[in-house]
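The numbers here are math on the coordinates, done by the rules we state, and not lab data. The shown structure was predicted, so the numbers you read here are calculated from the model rather than taken from an experiment. Don't worry about glycine lacking a Cβ; one is built from the backbone with ideal geometry, like all the others, and counts go over all protein chains shown.
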Amino acid sequence: MDFILEAAVRAVKTLFATDISKESLGLQQTRKEFEGEITLVVFPLTKVSRTSPEQTGTAIGKFLVNEVEEIESFNVIKGFLNLSLKNSYWLRIFYQEINQSNFGVFPSNGKKVMVEYSSPNTNKPLHLGHVRNNLLGYSVAEILKANGYEVIKANLVNDRGIHICKSMLAWQKFGNGETPETSGLKGDHLVGKYYVLFDQEYKKQVEELKNQGETEEQAKKNAPLIREAQEMLQQWEQGNPQVISLWMDMNEWVYAGFAETYKKLDVDFDQYYYESNTYLLGKSLIDEGLEKQVFFKKEDGSVWIDLTADGLDEKLVLRADGTSVYMTQDLGTAQLKYDEYHTDKALNVVGNEQDYHFKVLYLILKKLGKTWAEGLYHLSYGMVDLPSGKMKSREGTVVDADDLIAEMEVTAKAQTDILGKARDFPEEEKQDLYHIIGMGALKYFLLKVEPKKRLLFNPNESVDFQGHTGPFIQYTYARIRSVLTKGNFISDPNFIPVKTVSAVEKDLIIQLEQFPVFLAEAAENYSPAVVANYVYELAKTYNKFYHEESILKAEEETVKVFRLQLSAVSAQMIKKSMNLLGIEVPERM
RNA sequence: GCACUUGUAGCUCAAUUGGAUAGAGCACCUGACUACGGAUCAGGAGGUUUGGGGUUCGAAUCCCUACAAGUGCACCA
């Protein structure tokens, strides 16, 4: 559309004797209710034209029709100059851009980005909140890849700390040697069971102590179970062989469980980091900071940074006993990641409860003089809430990831059975289909919302399969595939181009042409929701086209071929967009 | 208490980054198949964009203020 802007600049210079920049002009798609495809907003130009918006628009419109070959006609409504472009222009866009194999493919931009996501604790199975994280991280990584970045997907596993010791201790005390094999439980669920059990037993002890006259605070500190857990953590840090061995066993169970869930979610990682390896790393950075006088030491030996000048607090970066805190560790991990990959950007996909932490983390790194810290970004997303409020794993009010996935497949099967379309599919294809549709519904549901907004999930109302949903888009794809098959479509370079296009066809071409724009916007905003909304609009436009124009019974063979080509490209763009969201599309459903 | 985020139809979400009469889906009502796949399409009804000020030719969007919800403010991670 640059040529229109350039012509408009010339128009302003000729008509009003003023130089303006292209950037100061606003082009937008013409609203559906008006004639035309492209609209120039002329309000800002009335200052230099010194006439009404209507007169200004008309003057520029006349100039453009005369000067620009591709512009067919114009109309002015209020301060909006609506331009209609010639059929030949839209057909050229279709044949020379959209219908080429490299359409929508961004060349490498030579930049490297790491996307850290998932980052689970190893003391309990994944729940709906983690699902949102995983889908977001995966999708953003794919979107960046499609924008020409080299992407490294990383998973920082939180495999150490007091919470793991709680599961370990409960297992030791009450587990009777239970394993995933003997219990038939998925490893992460088995470990999670003991995490819950710990909490239950711990609460009992606290109650007992309170009955004996201790305050709540005292009781929470003095309960034998928590003391034992703390002791276990100390032993872990000292390398006690029994504790380490138990820790390794239970972590293995959890990893096996996670691997299964990741597979079902279809997410993957190029690099794993383990906090048990990285938690000590930050200490050299603490020394560095002390040397540079970015940090200061208090009398008790603890190390702090004063961020009050930046409107934040004083923040502890190293304990008095010399052990590392969360911040120490994350400073170290950030440095480690940079040293290994020298990335231009690095994202942390982490919930918005940690907004403050990352703000501080990035600021500290900048103060330490790490220029690469400019490329760090916290992709913060809202919590997933239930109608009853927040999910709490210890109170059993979580929506478990594995249960949810299974339920989605059951619902997908039920829907498919009602419609009866897959009745004679082979059994294996049916199973695949239920998974594709169920996950399509779930993933689309979670990704169509802007990341930073909180998400309400009602487990009692199953996720929709109609309307603004994943299955709607999948259906559109499957139907196109069906038409292409029936029309014996093979992409043939020796086609005869058509000369005219209908209104819907034009809409569809415009929609398709927008793909790279939205793809770039999705990357800029780190927002899969942009892609989700785009592909929905595209599917809707295609469906309208499908209903209004006959493809296989087109008036002429050339028109039929054109419509098949248009359909084929639409299918490709739908598939491509859905894949960016981590959603598969079925060939039939 | 302080800080950050959010507030749009009954419900779930959009709004080309300040542009036209605020758009979709679900739910509700009315239509469209002797079929290129009805998980679709066409139409109806539904709004003081939380309230109040301000900036602007123009505000859901920017500023101020009040309210509501969420999150954070550990020598936990």
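List the equivalent ellipsoid semi-axes of chain A in whole Å, largest first, each obtained as the square root of 5λ for an eigenvalue λ of the Cα gyration tensor. Each step should come with its number before you reach the end.
Details: eigenvalues 579, 221, 78 Å².
Equivalent ellipsoid semi-axes, largest first: 54, 33, 20 Å.
When N is the residue count of the stretch A:2-85, what does its C-alpha Rg come to as a fraction of 2.2 N^0.38 Å?
Details: Rg = 11.3 Å, N = 84, 2.2 N^0.38 = 11.8 Å.
This ratio for the stretch A:2-85 stands at 0.96.
Starting from the Cα of A:Ser101, step 7 Å toward the Cβ, then list every residue of the stretch A:467-493 with an amide N under 20 Å from that point.
Answer for this model: A:489-493.
When a footprinting reagent is the concern and you count Cβ atoms within 10 Å, what order do A:Met1, A:Met327, A:Met250, A:Met439 take, fewest first? List each step's numbers first, then the result.
Values: A:Met1 12, A:Met327 19, A:Met250 25, A:Met439 22.
Fewest-to-most Cβ neighbours within 10 Å comes out as A:Met1, A:Met327, A:Met439, A:Met250.
Compute the length gained on full extension between A:Asn460 and A:Trp304: take 0.36 nm times their separation in residues and subtract their Cα-Cα distance, giving the result in nm to one decimal. Write down the numbers at each step before the final one.
On the way: separation 156, 0.36 × 156 = 56.16 nm, distance 4.81 nm.
Extending this stretch completely gives an extra 51.4 nm.
Sequence gap at least 6, Cα distance under 8 Å: using those rules, report the relative contact order of chain A to the nearest whole percent.
Working: 872 pairs, mean separation 81.8, N = 589.
Relative contact order here is 14 percent.
Would you mind classifying the stretch A:408-580 by shape? Square roots of the alpha carbon gyration tensor eigenvalues, ordered a ≥ b ≥ c; an a/c under 1.5 is rounded, otherwise it is prolate if a/b is larger than b/c and oblate if not.
On the way: a/c = 2.40, a/b = 1.34, b/c = 1.79.
Note, shape of the stretch A:408-580 comes out oblate.
Enter the Cα centre distance for the pair the stretch A:283-299 and the stretch A:512-588, rounded to the nearest angstrom.
About 55 Å separates the Cα centre of the stretch A:283-299 from the one of the stretch A:512-588.
Counting only DSSP beta bridges with both residues in the stretch A:24-177, what percent are antiparallel, rounded to the nearest 5? Intermediate results must be reported in sequence, preceding the final value.
On the way: 13 of 19 bridges.
Percentage antiparallel, nearest 5: 70.
At a Cα cut-off below 20 Å, give the aspartates and glutamates reachable from A:Lys553, other chains included and same-chain residues fewer than 8 away excluded.
In chain and number order, the partners are A:Asp492, A:Glu505.
Averaging sequence separations of C-alpha pairs under 8 Å and six or more residues apart, then dividing by the length of the stretch A:284-424, give the relative contact order as a whole percent.
On the way: 126 pairs, mean separation 21.0, N = 141.
Answer for the stretch A:284-424 is 15 percent.
Which pairs in the list A:Lys145/A:Lys345; A:Lys124/A:Lys283; A:Lys506/A:Lys576; A:Lys453/A:Lys540 are over 18 Å apart, alpha-carbon to alpha-carbon?
Numbers: A:Lys145/A:Lys345 13 Å; A:Lys124/A:Lys283 29 Å; A:Lys506/A:Lys576 21 Å; A:Lys453/A:Lys540 25 Å.
Result: A:Lys124/A:Lys283; A:Lys506/A:Lys576; A:Lys453/A:Lys540 exceed 18 Å.
Under a point-charge model restricted to the Cβ atoms of Lys and Arg (+1) and Asp and Glu (-1), what is the dipole moment magnitude of chain A relative to its Cα centre, in debye to the nearest 20?
Values: 67 positive and 84 negative charges, 241 e Å.
It comes to approximately 1160 debye.
Within the stretch A:260-313, report the trypsin sites (Lys or Arg not before Pro) that DSSP leaves as loop and that have at most 11 other Cβ atoms within 10 Å.
Details: sites: A:Lys263, A:Lys264, A:Lys283, A:Lys292, A:Lys297, A:Lys298; in loops: A:Lys292, A:Lys298.
The qualifying sites are A:Lys292, A:Lys298.
Across the stretch A:2-85, how many lysine pairs, 8 or more positions apart or on different chains, have C-alpha atoms separated by under 17 Å? Please give the number.
Values: A:Lys13/A:Lys22; A:Lys13/A:Lys47; A:Lys13/A:Lys62; A:Lys22/A:Lys47; A:Lys32/A:Lys78; A:Lys47/A:Lys78; A:Lys62/A:Lys78.
Lysine pair count for the stretch A:2-85: 7.
Go through the stretch A:458-522 and name the trypsin sites (Lys or Arg not before Pro) that are in a DSSP coil and have 14 or fewer other Cβ atoms within 10 Å of their Cβ.
On the way: sites: A:Arg479, A:Arg481, A:Lys486, A:Lys499, A:Lys506; in loops: A:Lys499.
Passing sites in the stretch A:458-522 are A:Lys499.
Under 29 Å between C-alpha atoms is the cut-off here; go through the stretch A:390-451 and count lysine pairs that meet it, provided they're at least eight residues apart or on different chains.
Eligible lysine pairs with Cα atoms under 29 Å apart amount to 13.
For the stretch A:204-274, report the convex hull volume of the alpha-carbon atoms normalised per residue, in Å³, without decimals.
Looking at the stretch A:204-274, the number lands at 149 Å³ per residue.
Calculate the length of the line joining the C-alpha centroid of the stretch A:403-435 to that of the stretch A:172-251, in whole Å.
So the separation of the two Cα centres works out to 41 Å.
May I ask you to list the aspartates and glutamates whose Cα is less than 19 Å away from that of A:Lys315, ignoring any residue fewer than eight positions away on the same chain?
Within the straight-line cut-off, A:Lys315 pairs with A:Asp287, A:Glu288, A:Glu291, A:Glu299, A:Asp300, A:Asp306, A:Asp330, A:Glu353, A:Asp355.
At 222 nm, what value in deg cm²/dmol follows for chain A if DSSP H runs of at least 4 each add -39500 (n - 2.57) and the sum is divided by all its residues, to the nearest 500?
Helices in chain A give a 222 nm mean residue ellipticity of -17000 deg cm²/dmol.
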